[in-house]
Amino acid sequence: MIAILDYDAGNIKSVEKALGYLGKEAKITRDRDEILSSTHVILPGVGSFGDAMNKLRTYGLDKVIYEVVEKGIPFLGICLGLQLLYESSDESPGVKGLGLLKGTINRIPDCPGLKIPHMGWNSLKVKPGATLFQGITENPYVYFVHSYYLKADNEEEVAATTEYSTLIHASVEKDNVYACQFHPEKSSAVGLQILKNFIEVKSPVKEDM
């Protein structure tokens with residue numbers, strides 16, 4: 001089973017639907033035992049960094065996420081879920097993020113002719129060999145909805161970038177932690193392939209037969 005973390009954030013059901021389309025059982029849950037017995041774990045979401053961190057802590061999901069990562073279970077953050085993996089965000093000064101990865105979450109700079117939030121399809125420049133992008137054509141288009149973006153400290157962790165007013169680190173991979181600023185569940189065939197690649201990452205948890 002694939003666990004989708006339930007912390008009252010938006011856009012969670014669409015992830016469940018996309019996984020169902022791929023023939024995979026997924027459950028929206030905040031139950032620690034269910035999460036830790038899952039083969040893969042996904043942290044999706046749309047909303048505010050500060051509110052989201054407050055909800056994760058209220059439900060004790062921050063501690064569960066640390067356990068998931070330590071256990072080596074493949075973990076995927078989507079959109080806000082990517083941003084929460086970092087230490088802080090310009091959106092919510094003074095609020096500590098999960099701090100699993102190093103980098104800054106900054107507001108997209110104003111630029112003539114570009115609207116913020118960034119909503120729409122952008123092409124990616126993908127790092128050769130990136131796990132989530134196996135079998136995907138060069139410069140794929142994916143769907144974004146965000147006002148803040150990642151600048152990762154470690155360029156080696158960056159799996160894909162895009163340009164929108166500035167250089168955006170659009171996807172990262174480190175050990176069993178994967179994340180996308182864009183929405184694979186809303187990115188048509190490319191997005192489904194990304195989700196398929198994630199759920200094919202080997203897990204230390206055996207799937208129930």
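Below, the figures for the structure above:
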| read-out | value |
| --- | --- |
| Near pairs, Cβ below 8 angstrom, 6+ apart or cross-chain, from the stretch 1-24 (modelled with pLDDT of 95 or more) to any residue that is among the hydrophobic types (A, V, I, L, M, F, W, C) and assigned to a loop (DSSP other than H, G, I, E, B) | I4/I12; D6/I12 |
| Selection count where residues are assigned to a helix (DSSP H, G or I) and either out of contact with any Gly (no Cβ under 7 Å at 6 or more places or on another chain) or open to solvent by 70 Å² or more (accessible area, probe 1.4 Å) (or both), scope the stretch 173-188 | 2 |
| Search result, residues across the stretch 89-126 that are of a type in the set (V, I, T), open to solvent by 30 Å² or more (accessible area, probe 1.4 Å) and more than 17 Å from the chain's Cα centre (by Cα) | V95, I116 |
| Residue identified as touching a His at 6+ places or on another chain (Cβ under 7 Å), aliphatic (A, V, I, L, M) and closer than 27 Å to Q193 by Cα among I65, I42, I78 | I78 |
| Test result for I73, in contact with a Pro (Cβ under 8 Å, 6 or more places away or on another chain), buried (at least 19 other Cβ atoms within 10 Å of the Cβ) and not in a strand (DSSP E or B) | yes |
| Close pairs (7 angstrom Cβ cut-off, 6 or more residues apart or separate chains): assigned to a loop (DSSP other than H, G, I, E, B) in the stretch 161-172, aliphatic (A, V, I, L, M) anywhere | Y164/I108; Y164/L114; S165/I108; S165/L114; T166/I108 |
| Selected residue [farther than 25 Å from S92 by Cβ and open to solvent by 20 Å² or more (accessible area, probe 1.4 Å)] from G191, G129 | G129 |
| Candidates D8, D33, D62, D51, filtered to the one that is open to solvent by less than 30 Å² (accessible area, probe 1.4 Å) and among the acidic types (D, E) | D62 |
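The values are calculated or read from the model by the stated rules, or taken from the named source; none is laboratory data. Since we're looking at a predicted model, the values are computed, not measured. Cβ coordinates were reconstructed from backbone atoms using ideal geometry, including for glycine residues, and neighbour counts include every protein chain displayed. Only protein heavy atoms, including side chains, enter the accessible area calculation; ligands, DNA and RNA are left aside. Shrake-Rupley method; radii C 1.70, N 1.55, O 1.52, S 1.80 Å.
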